[in-house]
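What follows is one structure encoded as structure tokens, with my remarks underneath.
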Amino acid sequence: MKKTGILLAAAAALGLGVAVAPAQEYTSGEVTKIDEKQKKLTIRHEELKSLDMPAMTMVFVVAEDSMIDEVEVGQKIEFTADRINGRITVTDIR
Ligand SMILES: [Cu+2]
């Protein structure tokens, strides 16, 4: 079914495949900077397997603004991240 294939490709391109992604592993990291205005966190993270990313320090946006208030600079966290609307986003912190 050619038409179905095109629709599936379009859905994947829009990132709709995220909904069926398997449960994510938490990754360890340390918050090194907090940008309250832009709702961004800089995190020194270990290997992010879900995003095929080696350990590094980088800026993330947060899925919910309240996450910004839940952390402090220097805090060790475990978090999940995903690519949402093209931006690497922290989706959960514990
Ligand atoms: Cu990274």
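List of remarks:
- Of all residues in the range 44-94 being polar (S, T, N, Q) and not in a strand (DSSP E or B), the one that is nearest to the ligand (Cβ to nearest atom): Ser50
- Check on Val20, modelled with pLDDT under 95 and open to solvent by 60 Å² or more (accessible area, probe 1.4 Å): yes
- So Pro54, is it modelled with pLDDT under 95 and either of a type in the set (Gly, Ala, Ser) or surrounded by fewer than 16 Cβ atoms within 10 Å (Cβ to Cβ) (or both): no
- The set of residues in the range 57-81 that are over 15 Å from Asp92 (Cβ atoms), open to solvent by less than 50 Å² (accessible area, probe 1.4 Å) and without any contact (Cβ under 8 Å) to a residue 40 or more places away in the chain contains only Met58.
The values are calculated or read from the model by the stated rules, or taken from the named source; none is laboratory data. What you see is a predicted model, and the numbers here were worked out from it, not measured in a lab. Backbone-built Cβ (ideal geometry, glycine too); neighbour counts: all protein chains shown. All accessible areas refer to the heavy atoms of the entire protein, side chains included, with ligands and DNA or RNA removed. Shrake-Rupley method; radii C 1.70, N 1.55, O 1.52, S 1.80 Å.
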